[in-house]
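Accompanying notes for the structure given below.
The numbers here are math on the coordinates, done by the rules we state, and not lab data. These figures come from a predicted structure and were not determined experimentally. When we count neighbours, we look across all protein chains shown, and the Cβ atoms used for this are built from the backbone with ideal geometry, even at glycine.
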Amino acid sequence: MQYYQTGEHLHAKHAQIYNESGRKLEEWALELVVPTPDARMLDVGCGWGRFSWPLIQRHGVRPANLVCADYSLGMVQSAAVEGRKRGHRPHFVNCGIESLPFADGAFEGVLANHVLYHVEPLAQGVRELARVLRPDGWLMATTNGAVYVPVIDLHYKALDRLAIPYEPEPPGPFTLENGAAILAQSFAQVERYDFVDEVIHGNAAAFTQNYLTIGRYRNVIARDDISAAAKAALPNVFHELATDMVQRHGAIRAPVLMGAFICQGPKT
Ligand SMILES: C[S@@+](CC[C@H](N)C(=O)[O-])C[C@H]1O[C@@H](n2cnc3c(N)ncnc32)[C@H](O)[C@@H]1O
């Protein structure tokens, strides 16, 4: 995935979300579990380390006990750079969730956050997560819930205006709504916790910059059945729609629905 070649885009996106809202998913989610300094932990699909650094800095997990793993080598390298900036040296591994290069029961805690919707085959990935956990260990898996997302709404409105055709989207493969049933195939106990918030975007230009980072926009730009002129016009039309919304409502209000599954009792 081009977008995940390094941590640059993801880090910028996270920084922007939090500038506007203030509450941090990772700080909220890590309060749901009790990592001990001696626990061996795995953060897989770690990205630039959004969850790894608070594990060390706020929860006292020893870097030597933490493995940060990601399918993208560039992402692992970005995480290593971030770690060095903070003076932390956890272990870094370049691997996919579908086939984890760790022994059975190697970890007391595993994080697979905002990543399971990428994993194929998903059931195999979830079995792998269960396999590498100790019988008394826990898995945290965060994801998104079904909620009105203005950036996506305006994206489709912009496509309509430019008469760019698109297919209706199927439901996500791993969401807050369908995730518990998938995890229950490999865990005896699955609990869902919701993170509800609102992000208020007052600046249409910044909102449009954020739009340029989302997968749906990048997918349209990568299509070869669309003219260069229509692709070039897309950000401008999006910006017009965003400006109109800000003028009419004073801001673009984006409800946030994300959440975490905490799973115990890995089935072997
Ligand atoms: C949305 S980011 C989430 C990163 C981080 N967990 C967070 O919450 O900020 C998804 C990450 O999962 C990685 N990824 C995608 N598919 C993967 C797979 N099958 N196994 C491991 N990592 C994967 C991507 O490279 C990317 O770094």
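The aspartates and glutamates whose alpha-carbon is closer than 20 Å to the alpha-carbon of Lys157, local same-chain residues fewer than 8 away aside, are Glu167, Glu169, Asp225, Glu240, Asp244. Cα-Cα pairs above 29 Å in the stretch 1-158: how many percent? Pairs farther apart than 29 Å: 16 percent. Stretching Thr243 away from Arg161 to a fully extended chain increases their span by 28.0 nm, per 0.36 nm per residue minus the current alpha-carbon distance. Two numbers describe the Cα atoms of the stretch 148-206: Rg and Dmax, which are 17.0, 49 Å.
To the nearest 0.05, what FRET efficiency results for Gln264 and Ala64 with a Förster distance of 30 Å applied to their C-beta separation? Calculated transfer efficiency: 0.75.
Ordering Ala260, His88, Pro135 by the projection of their Cα atoms onto the charge dipole of the chain, which places +1 on the Cβ of Lys and Arg and -1 on the Cβ of Asp and Glu, puts His88 at the extreme positive end.
Spherically averaged projected area of the convex hull of Cα atoms, the chain: 14.1 nm². Excluding Leu32 itself, calculate the net charge of residues whose Cβ lies under 12 Å from the Cβ of Leu32, where each Lys or Arg counts +1 and each Asp or Glu counts -1. Computed value for this residue: -4.
Projecting label points 7 angstrom from Cα along Cα→Cβ for Tyr148 and Val196 puts them 1.5 nm apart. Measuring between their Cα centroids, the stretch 65-109 and the stretch 201-263 lie 31 Å from each other. Quick one: grab the alpha carbon gyration tensor of the stretch 209-263, order the square roots of its eigenvalues as a ≥ b ≥ c, and give me rounded if a/c is under 1.5, else prolate or oblate depending on whether a/b is larger than b/c. Cα axes put the stretch 209-263 in the oblate bin. 3J(HN,Hα) along the stretch 188-194, derived from phi through the Karplus expression 6.51 cos²θ - 1.76 cosθ + 1.60 where θ = phi - 60°, amounts to 6, 10, 10, 10, 9, 10, 9 Hz, with x in place of Gly and Pro. When cysteine pairs in the chain are screened for C-beta atoms closer than 4.7 angstrom, the residues that find no partner are Cys95, Cys263. Once the Cα-Cα distance is subtracted from the 0.36 nm per residue extended length, the Ala103 to Ala233 segment shows a gain of 41.7 nm. From most to least packed by mean Cβ count within 10 Å, the peptides 131-140, 215-224 give 131-140, 215-224. A cut-off under 14 angstrom between Cβ atoms defines the neighbours of Leu133, and their net charge, with Lys, Arg +1 and Asp, Glu -1, is 0.
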